[in-house]
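All of the numbers you see were taken from the coordinates with simple rules; none came from a lab. Not measured: the values here are computed from a predicted model. Quick reminder, even Gly has a Cβ in these numbers, built from the backbone with ideal geometry, and neighbours come from all protein chains shown.
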Amino acid sequence: MSVIAKKLADLGITLPAPAVPQAAYTPYVITGNLVFISGQLPMEDGKLNITGRLGAEVDIPTGQKAARLCALNILAHLNKACGGDLDKVAGCIKLGGFVASAADFFSQPEVMNGASELMQQVFGETGKHARFAVGVGNLPRNAAVEVDAIFALKS
Amino acid sequence: MSVIAKKLADLGITLPAPAVPQAAYTPYVITGNLVFISGQLPMEDGKLNITGRLGAEVDIPTGQKAARLCALNILAHLNKACGGDLDKVAGCIKLGGFVASAADFFSQPEVMNGASELMQQVFGETGKHARFAVGVGNLPRNAAVEVDAIFALKS
Amino acid sequence: MSVIAKKLADLGITLPAPAVPQAAYTPYVITGNLVFISGQLPMEDGKLNITGRLGAEVDIPTGQKAARLCALNILAHLNKACGGDLDKVAGCIKLGGFVASAADFFSQPEVMNGASELMQQVFGETGKHARFAVGVGNLPRNAAVEVDAIFALKS
C-alpha cells in the first residue's frame with residue numbers, strides 16, 4: 001500500500017469514481033511533470049450534491065463541504081493520471097477556486113479552505129499550494145463551488 | 001503545407017489576423033515548451049462580434065459561436081507564437097472559460113464547447129484539454145465570452 | 001545592488017512586507033523554473049486598502065491603484081521566492097485579473113493595466129506577460145481587485 005493510499009485510508013477517505021466529462025474536454029492533461037486538472041464540481045456518488053450561492057441558499061460550512069467534494073474529485077482524477085499511485089505526486093502547485101456568491105458575500109477564502117485543507121491532510125507539506133479564491137455569479141448546473149488544479153509529478 | 005494548415009483548410013477555417021492588445025500586456029508568452037495565451041474575446045474581422053450575457057441578450061448557440069471565435073483568435077496568436085507552423089504544437093493543455101451570465105444561467109459548459117470542439121477538430125486527440133467554465137457578471141467591452149489557453153510545443 | 005533592486009529604488013518603490021496567508025495555502029510555490037503566486041488583494045501597510053466594486057463605489061483610477069497594489073504584493077512574494085534577488089527572474093509569464101464589477105462595468109482591462117504596467121516598469125521587456133481580465137461579482141473581504149501570477153526563473 002502506497003504512503004498516500006494509507007494516508008487516505010487513515011483519513012477515512014474513499015476517492016469517488018472519476019466523473020466522465022459531459023462535454024468536449026478531458027478531466028486531466030499531463031505535460032512535462034505537470035498535471036492540469038479540469039474544474040471540478042461538488043459531485044458525490046455521481047450526483048451534483050451542493051447547489052446554490054454562498055450568502056444565500058448555502059452557508060459557509062456547507063460551502064466548505066462543497067469545496068472539499070471538488071477537491072476529492074480532483075484527487076480521483078489525479079489518481080487516475082498517476083496510474084493509481086498517488087505517491088508519484090511531488091506536490092500540489094495551485095488551486096483555482098470559484099465560489100458562487102450572493103452580492104454581499106465576501107468569505108470566499110474560508111469556503112475554499114475546505115479544498116485546501118484536504119490537500120494538506122492528504123499530502124502534508126507538499127500539499128501546500130498557491131491559489132486564488134473569487135466570487136462568481138453562477139457556476140455550471142448551479143453548483144456552489146468549482147475548483148481546478150495543477151499538480152507536479154516526481155521526475 | 002503543414003498537417004494542421006491542411007486541416008484548417010479542410011475545415012474551411014481562415015485564422016483571423018492576431019489582434020494587437022490595447023493594453024499593457026502581450027498576446028502570448030513562451031516559457032520552456034509551454035505557450036500561455038492571453039484571454040481572447042469573440043473578435044471577428046477586427047471587431048468585437050458578440051456582446052451581452054448568456055441567459056439574457058445571448059442564447060446558447062450564439063454563445064457557442066462566441067466561444068469558437070475566442071478559440072479562433074487563440075489559434076491566430078498560437079500560430080504566430082509557432083512562427084506560422086502549427087505542426088510544432090504538441091497539444092492543447094488547458095482552456096479557461098469565462099461566460100458572461102445572467103443570474104439564472106447555468107449552462108456555461110455547453111457554451112464553452114464551442115471553443116473546446118474547435119480544438120479537437122483542429123488538433124484531433126492532442127486537442128483534448130483540461131478546462132474550467134464559469135459564469136461571470138461582465139467581461140471587457142461587454143463581450144459574451146472570454147477564453148485563455150495554455151498549449152505545449154513539441155520539444 | 002541587483003539590477004532589479006536598483007530599478008525598484010529608481011521607481012521609488014519599496015516592496016511591502018509579504019503578507020502571511022490567513023488560510024490553508026501558501027503565497028507561492030516553485031516547480032521547475034516556474035513560480036506560481038497566490039491571488040493577491042490590494043493590501044497596503046498590512047491593511048486591505050481598496051474595497052468595493054468598479055462602476056459603483058470605485059472609479060477607474062482607484063481601481064488601477066488597487067491592481068498596482070496587488071502587483072506590489074505579488075512582487076513582495078516573488079522577491080521572497082527568489083531569496084531576495086529579483087535578478088533571478090527570467091520574466092513575468094501570466095497575470096490573472098479579477099475585478100469586482102457592477103453590472104454595467106466593462107473596463108476591466110484598463111483597471112488591470114495598473115498591475116501590468118508595474119511589471120513592465122520593473123522588468124522591462126521580460127515584464128510583458130499574458131493575462132486575462134474579467135469582472136466578478138465580489139472578491140474576498142470586498143476587495144476591488146484580485147491578481148494572481150506566474151513567473152519564470154532563470155535556469
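Name the residues in the stretch B:1-23 that are out of contact with any Ser or Thr (no Cβ under 8 Å at 6 or more places or on another chain) and part of a helix (DSSP H, G or I), would you?
Across the stretch B:1-23, the qualifying residues are B:Val3, B:Ile4, B:Ala5, B:Lys6, B:Lys7, B:Ala9, B:Asp10.
Among the residues of the stretch B:135-155, write down those that are within 9 Å of chain A (Cβ to nearest Cβ), in contact with a Gly (Cβ under 7 Å, 6 or more places away or on another chain) and aliphatic (A, V, I, L, M).
B:Val136, B:Ala152
Inside the stretch A:43-55, can you point out the residues that are over 14 Å from A:Asn138 (Cα atoms) and touching a residue at least 60 places away in the same chain (Cβ under 8 Å)?
The answer is A:Leu48, and nothing else.
Could you tell me which residue of the stretch C:24-54 is nearest to A:Glu125 (Cα to Cα), considering only residues that are among the small types (Gly, Ala, Ser) and part of a loop (DSSP other than H, G, I, E, B)?
C:Ala24
For residues in the stretch B:108-124 being of a type in the set (Gly, Ala, Ser) and buried (at least 20 other Cβ atoms within 10 Å of the Cβ), which is nearest to the other protein chains (Cβ to nearest Cβ)?
Going through the qualifying residues, I end up with B:Ser116.
Go over the candidates B:Ala115, B:Ala102, B:Ala56 one by one and state the one that is touching a Lys or Arg at 6+ places or on another chain (Cβ under 9 Å) and over 18 Å from B:Ile4 (Cα atoms).
Every option except B:Ala102 fails the conditions.
Might you check whether a residue that is within 14 Å of another protein chain (Cβ to nearest Cβ), closer than 10 Å to B:Val145 by Cα, over 13 Å from the mean Cα position of the chain (by Cα) and assigned to a loop (DSSP other than H, G, I, E, B) occurs anywhere in the stretch B:55-78?
Checking the stretch B:55-78: not a single residue is within 14 Å of another protein chain (Cβ to nearest Cβ), closer than 10 Å to B:Val145 by Cα, over 13 Å from the mean Cα position of the chain (by Cα) and assigned to a loop (DSSP other than H, G, I, E, B).
A quick yes/no check of all residues on (1) among the polar types (S, T, N, Q); (2) without any contact (Cβ under 8 Å) to a residue 24 or more places away in the chain; (3) farther than 26 Å from C:Ile74 by Cα:
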{"residue": "A:Gly84", "(1), (2), (3)": "no, yes, yes"}
{"residue": "A:Gly91", "(1), (2), (3)": "no, no, no"}
{"residue": "A:Lys94", "(1), (2), (3)": "no, no, no"}
{"residue": "A:Ser101", "(1), (2), (3)": "yes, no, no"}
{"residue": "A:Gly114", "(1), (2), (3)": "no, no, no"}
{"residue": "A:Phe123", "(1), (2), (3)": "no, no, no"}
{"residue": "A:Pro140", "(1), (2), (3)": "no, no, yes"}
{"residue": "A:Asp148", "(1), (2), (3)": "no, no, no"}
{"residue": "A:Ala152", "(1), (2), (3)": "no, no, no"}
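Can you work out which of the residues in the stretch B:125-138 that are touching a residue at least 12 places away in the same chain (Cβ under 8 Å) and of a type in the set (D, E, K, R) is surrounded by the fewest Cβ atoms within 10 Å (Cβ to Cβ)?
So the residue we want is B:Lys128.
Report, by residue number, each residue of the stretch B:91-113 that is under 21 Å from A:Ala149 (Cα atoms), of a type outside the set (D, E, K, R) and in a strand (DSSP E or B).
B:Gly91, B:Cys92, B:Ile93, B:Leu95, B:Gly96, B:Gly97, B:Phe98, B:Val99
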